[in-house]
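What follows is a set of notes on a single structure, which appears directly below.
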Amino acid sequence: MMVADKEYYVCKDNCWNIGQLIMIDEDATNSFFKFYDVFESKVDGVYFKEYLENFNKEISESTDISKIKNCAEQALSVIREQSMFIRELIFENVRTQEFQYQELPSRKSGIWLCTKESLPFWFDELTRRGSRRIFKVNVTGKVHHGCENYLKNDVFSHEKYRENARAYWRGENINFKREEVLFVGKMTVQGIFSDPSKVI
């Protein structure tokens, strides 16, 4: 859907300034996808799979529990990142391959916005991953409103991801307190805040 001069919010760690014009180009790759261009998981200088294979050979009843915990934490991190990347590839594949979704903004190039109603949820969700500021933006371009519930990632089947992708792209069952807005186009920074309770 196309919008003009619509108000949304962005939770990011960027150093944008009030009045700054930002172009979100649908032919560019966003920072989320760029992360996976360089993501590698190594422990003690070896790739995680090799580390896990070596650890499995060495483990015994006398293995220090902190080493086991470290291995489990590394495994969870790798599973989280890889399952998220698989989800994103499948969501993008469904968008580009299924005719009714091709005109929607891409998760590969778009930026994620939120409404004032969903701002508290997204601010809390994203600040757990690092510090964030809230940018109030005025946007003109293409938006898609989707339900965060379909963005769960785990070791799901590809068919489960495809079902979730179709429901996401159809905009089904949106919980307005957890709504995600995907955007490409131009936006202007209208305000900067440190906390959702201070947003005007």
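Things to note:
- Full-extension gain in nm, Asp27 to Thr140, via 0.36 nm per residue minus C-alpha separation: 39.0 nm
- Taking the helices alone, the chain has a mean residue ellipticity at 222 nm of -12000 deg cm²/dmol, built from -39,500 (n - 2.57) per DSSP H run of at least 4 residues and averaged over all its residues.
- The simple Förster model, with R0 at 41 Å and r as the Cβ-Cβ distance, assigns Gln190 and Lys42 a FRET efficiency of 0.45.
- Sorting 154-160, 138-144 by average packing, meaning the other beta carbons within 10 Å per residue, from highest down gives 138-144, 154-160.
- Of the residues Val46, Ser83, Val3, the one whose Cα sits farthest toward the positive end of the charge dipole of the chain, with +1 on the Cβ of Lys and Arg and -1 on the Cβ of Asp and Glu, is Val3.
- Taking each residue as 0.36 nm, the span from Asn149 to Ser197 lengthens on full extension beyond its C-alpha to C-alpha distance by 14.9 nm.
- The angle separating the long axis of helix 158-170 from the principal Cα axis of greatest extent in the chain is about 10 degrees.
- Helix 65-97 and the longest principal axis of the Cα set of the chain meet at an angle near 40°.
- Global geometry of the stretch 1-55, whether rounded, prolate or oblate, following the gyration tensor of its Cα atoms and the 1.5 cut on a/c: prolate
- Tensor-based shape of the stretch 77-148 (alpha-carbon gyration tensor, a/c under 1.5 rounded, otherwise prolate or oblate): oblate
- Förster-model FRET efficiency, 25 Å R0, His158 and Glu81, C-beta, rounded to 0.05: 0.90
- The dipole here belongs to the chain: it is taken about the Cα centre, uses +1 on the Cβ of Lys and Arg and -1 on the Cβ of Asp and Glu, and is about 520 debye.
FYI, it's all coordinate maths here, none of it is from the lab. None of the values given here were measured: they were computed from a predicted structure. Ideal geometry is used to build each Cβ from the backbone, glycine not excepted, and the neighbour counts take in all protein chains shown.
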